[in-house]
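Here the structure is laid out as structure tokens; the discussion comes afterwards.
The values are calculated or read from the model by the stated rules, or taken from the named source; none is laboratory data. Keep in mind that what you see is a predicted model, and the values were worked out from it rather than measured. Methodologically, a virtual Cβ is constructed for each residue, glycine included, from the backbone with ideal geometry; neighbour enumeration extends over all protein chains shown.
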Amino acid sequence: MKLRTRGRTTLTAYLLLTPAIIGFLFLTFLPILGVIGISLTNWTGLQPPDYIGLENYRAIFTTDFYFKNSVVATLSFAVGTTLTSIIYSFTVALMLNQKKIPGRGLWRSLFFLPYVVPIIGSSIVWSWMYESNFGVFNYLLSMLGGNKIQWLQDERFAMPSIILMMTWMSGNLIVIFLAGLQSVPRTYLEAVEVDGGNFWHKFRHITFPMMSPVIFYNFLTSIIINLQGFVPAYALTKGGPSDSTLLMVYLIYREGFMRNNFGHASALSLLFFLFVAVLTVLVFTTSKRWTFYEGE
Amino acid sequence: MKMMKDEKELTMGAELFRVKEPKAQSRKAMFSKVNASLVIVLAVMVVFPFFWMVRSSFMSNLEIHQYPPLFLPKNWRFDNYSYTLTVFPFGRYFLNTLTIAIPSMFGVLLTSSLAAYTFARLEFPGKKFWFTLVIGSMLMPGAVFIIPIFMAWSSVGLSNSYIPLIVPAFLGGGGLNIFLIRQFMMTIPREMDEAAYIDGATHLDILFRLLLPMIKPVLITVGLLTFILYWNDLMGPLIYISRNERNTISQALANFRSGFGTDWRAIMVASTMSILPSVFIYFIGQKYFVEGIVLTGLK
């Protein structure tokens, strides 16, 4: 009797999990095998593919200068965006968390807004603000006495320009940090105050140490998410100038879907997959060690 | 209760402080004022791009190309909108996007609830294995799978349709969503479903009639975040939809921008219209968005 109900529970469990298991098989497991398989061919989608062994990989590491440029661009985009976003968001969250901020909820929603709208819409207005002849950025610069800059066409400025836009979009982190800050016990902060401590003392000895696990966790997840950036390269720069914003996912998209080099694009995908997968596993297996919440 | 007592003690402490150190107190008031003004300045800067978009959408191309830039249009050209609608059929793109986003949201809610229930309530061999696999696999960078998945859809003749965009939503619903819903289900005492089970309820009864109604807020949160994700998606439609009249809003906007590259007033009108639905949904469901984002960042 007992055994029969257990068997039925197992059956029910697997029935309920069927969509997720099918999803795992068809959206993750088989595609990985597919990527490996296609990466060993010269498939262009037009004629049947030829097996060419590791030729695509050899090309990537020797003759394909896009790959190297893309690694540099992707890493600087991910690290740059993450660092500036964290600093910006944490600062704003700290400011919003001070006492006597009237209408905190309203400000919070305004800072969060850029995160929710379609990124292509934001990219378009930012590209107009960056426009070198009529854009507001150059107008501000000229008021300060500077010369006009080709924000998105100059390889020194294209990446920082994109990072600035991404930072503007990171309102989600403000919301996260603000929630974290509000759970820092007031009693601790007041204790510092009673001892005559100022803002810096409170920050240095209470707020920052208590928030550091949250900051670190969001730092790592943001890096993983930003490594997969696509739209800024697609919409603002097409990967240029001189490949300075050639994000890896954009490169894979371009090789695969605009140039039909499916074999080459798959080899890129696999390398990128391994890199992100290793990083992700590292983050989530070690996360128990450095995330600490009071009361746990 | 304890909290209130603490607060009371705190204010008492602060009052003592004020009596002792009037200078420090006025410096603190100063600090608050400076801080509040900085918040306002920053908020104005953050809203500026939206303002710039809307303001440009009411200008003539001549005014948009004026230097130094005009702050506001001299004549508000409301007919920019009716003009743009003739070259950028927003209504159609809007319906196309809904056609993808609504079933996808439904699929994510349904299948992630099923999986969450299994992982929260049922004991079965292989549970840990599948949990790790299902949650872990969905953390993987999706972009690397686009080529084989595209090939697969293409080999069954569906690569130029909405099917490849909608079907994945019905296949598990995303690791993070499963995880969130499971966490909330686990806060409901098991005795409740055991009682229902003894009364003859099936697992589906327990899930749909008992548990899901009790965790409605997290379902709304997951639903809204999913909806916005599909609503704003660009890469999926770029890969799977080619005919213009089938485009989603984001995709149509991207194409419109490259096709009408010089007609900035129309581009700004199209951009303004394209961000409006997201802004609208956000302000309606703000509470749930904020909760959802906090959950993803503090877990």
Cβ pairs under 8 Å, 6+ apart or interchain, first in the range B:25-52 and at the interface with another protein chain (Cβ under 7 Å from one of its Cβ atoms) and in contact (Cβ under 8 Å) with a residue 60 or more places away in the chain, second among the basic types (Lys, Arg) and in a helix (DSSP H, G or I), ordered by first then second residue, are none
Here the residues within the range B:145-173 that are farther than 21 Å from residue B:108 by Cβ and of a type in the set (Val, Ile, Thr) are B:147, B:156
Only unsatisfied item for residue A:186, checking (1) under 25 Å from residue B:287 (Cα atoms); (2) in contact (Cβ under 8 Å) with a residue 60 or more places away in the chain, is (2)
Within the range B:53-64, the residues that are at the interface with chain A (Cβ under 8 Å from one of its Cβ atoms) and without any contact (Cβ under 8 Å) to a residue 24 or more places away in the chain are none
**Study point:** Filter result for residue A:76 (under 21 Å from residue A:218 (Cβ atoms) and surrounded by fewer than 19 Cβ atoms within 10 Å (Cβ to Cβ))
**Key:** yes
Listed by range, helices (runs of 4 or more DSSP H) wholly within the range B:161-208 having at least 3 residues that are under 23 Å from residue B:224 (Cα atoms), modelled with pLDDT under 90 and within 13 Å of another protein chain (Cβ to nearest Cβ) are B:175-185
Considering the range B:108-120, residues that are crowded, with 21+ Cβ neighbours inside 10 Å and within 9 Å of chain A (Cβ to nearest Cβ), and then whichever is nearest to residue B:189 (Cα to Cα), we arrive at B:117
Taking the range A:188-226 and keeping only residues that are within 30 Å of residue A:77 (Cβ to Cβ) and among the hydrophobic types (A, V, I, L, M, F, W, C), one is left with A:203, A:208, A:211, A:214, A:215, A:216, A:219, A:220, A:223, A:224, A:225
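Across the range A:132-151, what is the total count of residues that are among the hydrophobic types (A, V, I, L, M, F, W, C) and touching a Pro at 6+ places or on another chain (Cβ under 8 Å)? Give the steps one after another, and end with the answer.
Kept after step one, since they are among the hydrophobic types (A, V, I, L, M, F, W, C), are these residues of the range A:132-151: A:134, A:136-137, A:140-141, A:143-144, A:149, A:151.
Filter once more, keeping what is touching a Pro at 6+ places or on another chain (Cβ under 8 Å): A:134, A:136.
So the count comes out to 2.
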Flagged pairs (Cβ under 9 angstrom, 6 or more apart or on separate chains; first in the range A:40-54, in contact (Cβ under 8 Å) with a residue 40 or more places away in the chain; second of a type in the set (D, E, K, R)) are A:40/A:55; A:41/A:50; A:42/A:50; A:42/A:55; A:43/A:50; A:44/A:259
Note on the range A:254-280: residues surrounded by 24 or more Cβ atoms within 10 Å (Cβ to Cβ) and touching an Asp or Glu at 6+ places or on another chain (Cβ under 6 Å) are A:264, A:265
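Quick one: which of A:245, A:221 is part of a loop (DSSP other than H, G, I, E, B), polar (S, T, N, Q) and under 16 Å from the mean Cα position of the chain (by Cα)? Before the answer, list the steps.
Working: A:221 fails: part of a loop (DSSP other than H, G, I, E, B).
After applying the criteria, what remains is A:245.
Restricting the search to the range B:121-134, which residues are within 28 Å of residue A:276 (Cβ to Cβ), surrounded by fewer than 21 Cβ atoms within 10 Å (Cβ to Cβ), of a type in the set (A, V, I, L, M, F, W, C) and facing chain A (nearest Cβ under 9 Å)?
First pass over the range B:121-134, keeping only residues within 28 Å of residue A:276 (Cβ to Cβ): B:126-134.
Now restrict to residues that are surrounded by fewer than 21 Cβ atoms within 10 Å (Cβ to Cβ): B:126-133.
Among the residues that remain, those that are also of a type in the set (A, V, I, L, M, F, W, C) are: B:129-131, B:133.
Correct list: B:130, B:133.
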Q) Quick check: anything in the range B:262-269 surrounded by fewer than 20 Cβ atoms within 10 Å (Cβ to Cβ) and assigned to a loop (DSSP other than H, G, I, E, B)? A) yes
| Looking at residue A:196, is it within 11 Å of chain B (Cβ to nearest Cβ) and crowded, with 22+ Cβ neighbours inside 10 Å? | no
Only one of A:119, A:124, A:60 is touching a helix residue (DSSP H, G or I) at 6+ places or on another chain (Cβ under 6 Å) and surrounded by fewer than 22 Cβ atoms within 10 Å (Cβ to Cβ), namely A:60
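Consider residue A:27 carefully, then state whether it is more than 9 Å from chain B (Cβ to nearest Cβ), under 30 Å from residue B:134 (Cα atoms) and surrounded by 17 or more Cβ atoms within 10 Å (Cβ to Cβ). Outline the logic, then answer.
Working: more than 9 Å from chain B (Cβ to nearest Cβ): no; under 30 Å from residue B:134 (Cα atoms): yes; surrounded by 17 or more Cβ atoms within 10 Å (Cβ to Cβ): yes.
In short, no.
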Filtering the range A:1-54 down to residues that are in contact with a strand residue (DSSP E or B) (Cβ under 9 Å, 6 or more places away or on another chain) and of a type in the set (D, E, K, R) yields A:50
Quick count over the range B:151-166, residues being free of Cβ contacts under 8 Å to residues at least 12 places away in the same chain and either in contact with a strand residue (DSSP E or B) (Cβ under 7 Å, 6 or more places away or on another chain) or within 22 Å of residue B:228 (Cβ to Cβ) (or both), is 1
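Could you pull out the residue among A:279, A:251 that is more than 7 Å from chain B (Cβ to nearest Cβ) and at pLDDT 90 or above?
Values: A:279 fails: at pLDDT 90 or above.
Checking each option against the conditions leaves just A:251.
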Output for Cβ contacts, cut-off 7 Å, separation at least six or different chains, first residue within 21 Å of residue B:158 (Cα to Cα) in the range B:230-258, second of a type in the set (Lys, Arg) and surrounded by fewer than 21 Cβ atoms within 10 Å (Cβ to Cβ), reads B:245/B:92
Quiz item: crowded, with 16+ Cβ neighbours inside 10 Å, more than 30 Å from residue B:127 (Cβ to Cβ), facing chain B (nearest Cβ under 8 Å) and among the aliphatic types (A, V, I, L, M) - does that describe any residue in the range A:7-14?
Solution: no
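Which of the following residues is touching a Ser or Thr at 6+ places or on another chain (Cβ under 9 Å), over 30 Å from residue B:279 (Cβ atoms) and not aliphatic (A, V, I, L, M): A:39, A:70, A:89?
Matching residue, one of A:39, A:70, A:89: A:39.
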Going through the range B:22-57 in order, the residues found to be within 28 Å of the chain's Cα centre (by Cα) and either outside any helix (DSSP H, G or I) or of a type in the set (Val, Ile, Thr) (or both) are B:39, B:40, B:41, B:44, B:46, B:47, B:54
Reported set for the range B:240-283 where residues are modelled with pLDDT under 90 and β-branched (Val, Ile, Thr) is B:262
Within the range A:129-148, residues more than 7 Å from chain B (Cβ to nearest Cβ) and part of a helix (DSSP H, G or I) come out as A:137, A:138, A:140, A:141, A:142, A:143
Subset of the range A:45-57, residues surrounded by 12 or more Cβ atoms within 10 Å (Cβ to Cβ) and at pLDDT below 85, comes to A:45, A:49
Over the range A:79-103, the set of residues surrounded by fewer than 17 Cβ atoms within 10 Å (Cβ to Cβ), within 14 Å of chain B (Cβ to nearest Cβ) and outside any loop (DSSP other than H, G, I, E, B) is A:87, A:91
